[in-house]
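A.B. asks: Starting off with a structure, shown below.
The values are calculated or read from the model by the stated rules, or taken from the named source; none is laboratory data. Just so it is clear, the model here is predicted, and its values are computed rather than measured. For neighbour counting, all protein chains shown are included, and Cβ atoms are generated from backbone atoms with ideal geometry for every residue, glycine included.
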């Protein structure tokens, strides 16, 4: 995710991160790059109309870029974005 955030070849708005969110439907939520306000050492900060949410990285279940799966916790699948 840091590569997508810092590398000028990628638009961070194209990122979609799915994560465990206790109490949400199916205990899962997702955030688009435009809603990720900050990438801290231990968590990402998501901005929403309800305020800021701090999501620890260990809750991330998958990362997509422009619809392509880059990383999936369950399968271990990973690939660099093109």
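A.B. asks: Working carefully through the options 4, 69, find the one that is in a strand (DSSP E or B), at pLDDT below 95 and surrounded by 12 or more Cβ atoms within 10 Å (Cβ to Cβ).
C.D. replies: 69
A.B. asks: Determine whether the stretch 50-60 contains at least one residue that is in a helix (DSSP H, G or I), free of Cβ contacts under 8 Å to residues at least 40 places away in the same chain and surrounded by 14 or more Cβ atoms within 10 Å (Cβ to Cβ).
C.D. replies: yes
A.B. asks: Among the residues of the stretch 13-34, which ones are under 19 Å from residue 61 (Cβ atoms) and in a helix (DSSP H, G or I)?
C.D. replies: The answer is 14, 25, 26, 27, 33.
A.B. asks: Could you list all residues from the stretch 7-32 that are touching a residue at least 24 places away in the same chain (Cβ under 8 Å), farther than 18 Å from residue 78 by Cβ and either in contact with a strand residue (DSSP E or B) (Cβ under 7 Å, 6 or more places away or on another chain) or crowded, with 17+ Cβ neighbours inside 10 Å (or both)?
C.D. replies: Residues satisfying the conditions are 20, 21, 28, 31.
A.B. asks: Across the stretch 42-54, what is the total count of residues that are out of contact with any helix residue (DSSP H, G or I) (no Cβ under 9 Å at 6 or more places or on another chain) and within 14 Å of residue 1 (Cα to Cα)?
C.D. replies: 1
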